[in-house]
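A quick write-up on the structure given underneath.
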Amino acid sequence: MPLPLQDREILRGLARELADIAALPVQKERAGLWTALNSLQPTRPLIYINEIPWDELNVNDELTTRCQDAWARGLEWGMRAQLYQWRHFPGDMVVNPWFWSPMHIHQTGFGLEIDAAWVATEGVAVASREYHGHIKDFSDADRITTPVVTHDKAASDAELERRTELLGDIMPVKQRGIAGQWFSPWDLLIQVWGVEQAMMDLVLKPDLVNHVMTRLVDAYMGMLKQWEDQNLLSPNIYDDRVGSGGYGFTSELPAKGFDPAHVRTIDLWGCATAQIFVSVSPKMHWEFALKHEMRWLEKWGLTYYGCCEPLDIKMGILRRIPNLRKVSMSPWVKPERGAAELKTDYVYSHKPNPAILAEDVWRPDQARRELIDVLDRIKGCRVEVILKDVSTVRRQPQRLWEWAKIAAEVVQQYAP
């Protein structure tokens, strides 16, 4: 069905705004800074903001969708969110001079059912979950299956044609498939094992844990092979988030021998994390996570490791990753130790504590002090500042706007 005329006008108007922004010289400047940082060249710390409470941010109807058609509303929301971030908390955001058209790719899952009770708080979009585990013995691992991947090429081509007809005269529209993948087997395992039981079984049933991890990573690797065999991969070296960090702009990818008609894993960034292993020793982290994750990590051109787990004490095992480039440094690391371990060998992916945005009273001076304190202690490292996991701003979006402004001022003090 053709789009209502009003929907077309709304989408094209938003697209023209984005095209004007994409044409600004600052886009190439920032892309160049990210490229330099990701090549471990000295830059000022770069800022990336993600994982925010969009349901609390709508001001003056800037995020209110107006299209009638459901497909158009989805497109509209993405554009409005991008424009909103550019206006209010851009950090070192980059807007590329094209639109993406996603490929319609499906997979059947890993065969593991999640039994969880939601624990919600009235008026808060973020909810907790209590997982009821059902991994008890070796036979339970038999339920793990390799996902069957299918690509609806007709739907993908129709999507590209529709977006091109609508927006192609404003900016080019490019089709893309799977541009990297969040890889965290333990994020899935704790949901089917139960957090407490899984942590206990690292000690009580180590053979079972290793068996289940082997089976699950086998399934992931089977899925990855299907992506390559069906030519479903796309480069993630543009405005693509890498792991739990910032952009993937780099001059080191794609790899030698790149064929745009058949993208390989070595042409892309990869990542992995075992963020539930916050209190697990380096030895156990290797045995029950990284040893298995290495099979995945070795497939990619460059990699990012980590999320919430404190990795300042685990670089001894992380250095075994041959293509490691960025390491997450969560709010629970000791910055001096992280800096001493990473030096200029890796990007220090600093995660400020988002709790400052959730307090009863907003304290911008404290936010500034906290950021300066860490950046002083890691001076000389290759740094990205990644504000994420912001569950609430207490329905005061200006807190986020002001944090971004403060951060933009602070990082200028650390320019090389």
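The values are calculated or read from the model by the stated rules, or taken from the named source; none is laboratory data. Being a predicted model, the structure only gives us computed values, none of them experimental. Quick reminder, even Gly has a Cβ in these numbers, built from the backbone with ideal geometry, and neighbours come from all protein chains shown. Heads up: the accessible areas ignore ligands, DNA and RNA and are worked out on the full protein's heavy atoms, side chains in. Shrake-Rupley method; radii C 1.70, N 1.55, O 1.52, S 1.80 Å.
Quick look at the values:
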| item | result |
| --- | --- |
| Residue count, region 184-198 (criterion: out of contact with any strand residue (DSSP E or B) (no Cβ under 6 Å at 6 or more places or on another chain) and closer than 17 Å to Asp140 by Cα) | 10 |
| Residue within region 88-111 that is free of Cβ contacts under 8 Å to residues at least 40 places away in the same chain and either at negative phi or among the basic types (Lys, Arg) (or both) present | no |
| Output for region 22-63, where each listed residue is among the hydrophobic types (A, V, I, L, M, F, W, C) and in a loop (DSSP other than H, G, I, E, B) | Ala23, Leu24, Leu40, Ile52, Leu57, Val59, Leu63 |
| Residue in region 364-374 that is in contact with an Asp or Glu (Cβ under 7 Å, 6 or more places away or on another chain) and among the basic types (Lys, Arg) present | no |
| Single residue of region 167-182 satisfying the filter (closer than 21 Å to Trp71 by Cβ and in a loop (DSSP other than H, G, I, E, B)) that is most open to solvent (accessible area, probe 1.4 Å) | Asp169 |
| Near pairs, Cβ below 9 angstrom, 6+ apart or cross-chain, from region 46-64 (touching a residue at least 24 places away in the same chain (Cβ under 8 Å) and of a type in the set (Asp, Glu)) to any residue that is open to solvent by less than 30 Å² (accessible area, probe 1.4 Å) and part of a strand (DSSP E or B) | Glu51/Leu387 |
| Considering residues of region 258-276 that are closer than 25 Å to Asp187 by Cβ and not in a strand (DSSP E or B) only, the residue nearest to the chain's Cα centre (by Cα) | Thr273 |
| Selection within region 200-257 - open to solvent by 40 Å² or more (accessible area, probe 1.4 Å) and either of a type in the set (Phe, Trp, Tyr) or in a loop (DSSP other than H, G, I, E, B) (or both) | Lys205, Gln230, Asn231, Tyr238, Asp239, Ser251, Glu252, Pro254, Lys256, Gly257 |
| Some residue of region 352-374 being polar (S, T, N, Q) and closer than 29 Å to Pro235 by Cβ | no |
| Hits in region 277-307 (condition: small (Gly, Ala, Ser) and assigned to a loop (DSSP other than H, G, I, E, B)) | Ser279, Ser281, Gly301, Gly306 |
| Gly338 vs. criteria touching a strand residue (DSSP E or B) at 6+ places or on another chain (Cβ under 8 Å) and at positive phi | no |
| Residue within region 123-137 that is modelled with pLDDT of 95 or more and more than 30 Å from Thr392 (Cα to Cα) present | no |
| Tally of residues being more than 24 Å from His132 (Cβ to Cβ), hydrophobic (A, V, I, L, M, F, W, C) and in contact with a Phe, Trp or Tyr (Cβ under 7 Å, 6 or more places away or on another chain) across region 177-216 | 2 |
| Complete set of residues in region 76-124 that are within 20 Å of the chain's Cα centre (by Cα) and of a type in the set (A, V, I, L, M) | Met79, Ala81, Leu83, Met93, Val94, Val95, Met103, Ile105 |
| Output for region 1-51, where each listed residue is open to solvent by 50 Å² or more (accessible area, probe 1.4 Å) and in contact with a Ser or Thr (Cβ under 6 Å, 6 or more places away or on another chain) | Leu33 |
| Pairs with Cβ under 9 Å, 6+ apart, first in region 351-373 and at pLDDT 95 or above, second hydroxyl-bearing (Ser, Thr, Tyr) and surrounded by fewer than 17 Cβ atoms within 10 Å (Cβ to Cβ) | Pro354/Ser391; Leu357/Ser391; Ala358/Ser391 |
